[in-house]
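Colleague: Next up is a structure, given as structure tokens.
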Amino acid sequence: MDPAIGLLEFDSIAIGIRAGDAMVKRGPVAELVAGTVHPGKYLVLVGGEVAAVEEAIAAGREASGGSIVGEVFLRDVHPDVLAAVRGQRVPGAGEAIGVIETATVAATLEAADAAMKGADVFLMELNMADGLGGKAYALFCGSVFDVEAAISIGSARIPEGSLVGTVVIPQVHAEMGNNLLSGRRFGDRLGRDDAAG
């Protein structure tokens with residue numbers, strides 16, 4: 001998806017499908033990934049050359065009918081953000097862990113990209129909407145100073161009303177660290193069969 005990505009987040013699945021179709025028809029993007037997330041939202045992510053992604057985002061806006069609840073366009077997106085979008089998880093390392101939690105996936109992507117470009121931290125993972133009531137969050141690790149900087153830089157890029165919360169936790173206890181690395185779903189951690197629901 002290099003060098004640019006764009007994401008539109010819709011509160012209507014039907015409109016999201018229409019907009020995604022318009023996006024891929026307008027801009028010759030290298031990649032389109034679209035689908036539903038909780039709670040009944042629709043995400044359309046496009047990647048490719050900057051101009052093509054800009055055109056696709058413009059087409060999506062035009063087809064949105066006012067259903068966009070989140071939007072982000074990242075030119076020269078940080079490679080670790082791309083990897084995290086694709087599901088890569090990095091084990092925590094360093095003195096501290098930081099969390100940015102937002103009301104939309106778009107806001108978390110914007111914050112994560114800014115944080116990674118502005119501070120010397122690792123992006124542990126991105127968690128986006130599914131099983132989170134539509135919210136999203138990013139986990140960072142590194143020195144206390146760098147994690148604090150990442151959280152400050154990332155938070156400054158979040159649109160008003162989209163920030164749910166941030167924390168910096170120095171010297172995370174090993175037990176909590178193990179839980180973070182093992183997965184975010186409580187039911188999964190308990191080994192329940194109904195955890196996927």
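Colleague: From the list G165, G134, which residue is part of a loop (DSSP other than H, G, I, E, B) and in the same structural domain as V99 (by TED's automatic domain parsing)?
Modeller: Of the residues listed, the single one that is part of a loop (DSSP other than H, G, I, E, B) and in the same structural domain as V99 (by TED's automatic domain parsing) is G134.
Colleague: In the range 1-55, which residues are within 16 Å of the chain's Cα centre (by Cα), surrounded by fewer than 16 Cβ atoms within 10 Å (Cβ to Cβ) and of a type in the set (A, V, I, L, M)?
Modeller: Result: V33, single match.
Colleague: Right, something else. Quick check, is G133 in contact with a helix residue (DSSP H, G or I) (Cβ under 6 Å, 6 or more places away or on another chain) and touching a residue at least 60 places away in the same chain (Cβ under 8 Å)?
Modeller: Against the criterion (in contact with a helix residue (DSSP H, G or I) (Cβ under 6 Å, 6 or more places away or on another chain) and touching a residue at least 60 places away in the same chain (Cβ under 8 Å)), G133 does not qualify.
Colleague: Restricting to the range 62-84, name every residue that is buried (at least 16 other Cβ atoms within 10 Å of the Cβ) and over 13 Å from A4 (Cβ atoms).
Modeller: A63, S64, S67, I68, V69, G70, E71, D80, A84
Colleague: Can you tell me which residues in the range 59-91 are among the acidic types (D, E) and more than 16 Å from D113 (Cα to Cα)?
Modeller: E62 - this is the single residue of the range 59-91 that is among the acidic types (D, E) and more than 16 Å from D113 (Cα to Cα).
Colleague: Of the residues that sit in the range 52-78 and are acidic (D, E) and not in a helix (DSSP H, G or I), which one is farthest from V105 (Cα to Cα)?
Modeller: D76
Colleague: State whether one or more residues within the range 143-157 are of a type outside the set (S, T, N, Q), under 26 Å from N178 (Cβ atoms), in contact (Cβ under 8 Å) with a residue 12 or more places away in the chain and part of a strand (DSSP E or B).
Modeller: Taking every residue of the range 143-157 in turn, none turns out to be of a type outside the set (S, T, N, Q), under 26 Å from N178 (Cβ atoms), in contact (Cβ under 8 Å) with a residue 12 or more places away in the chain and part of a strand (DSSP E or B).
The values are calculated or read from the model by the stated rules, or taken from the named source; none is laboratory data. Keep in mind that this is a model prediction, so the values were computed, not measured. Quick reminder, even Gly has a Cβ in these numbers, built from the backbone with ideal geometry, and neighbours come from all protein chains shown.
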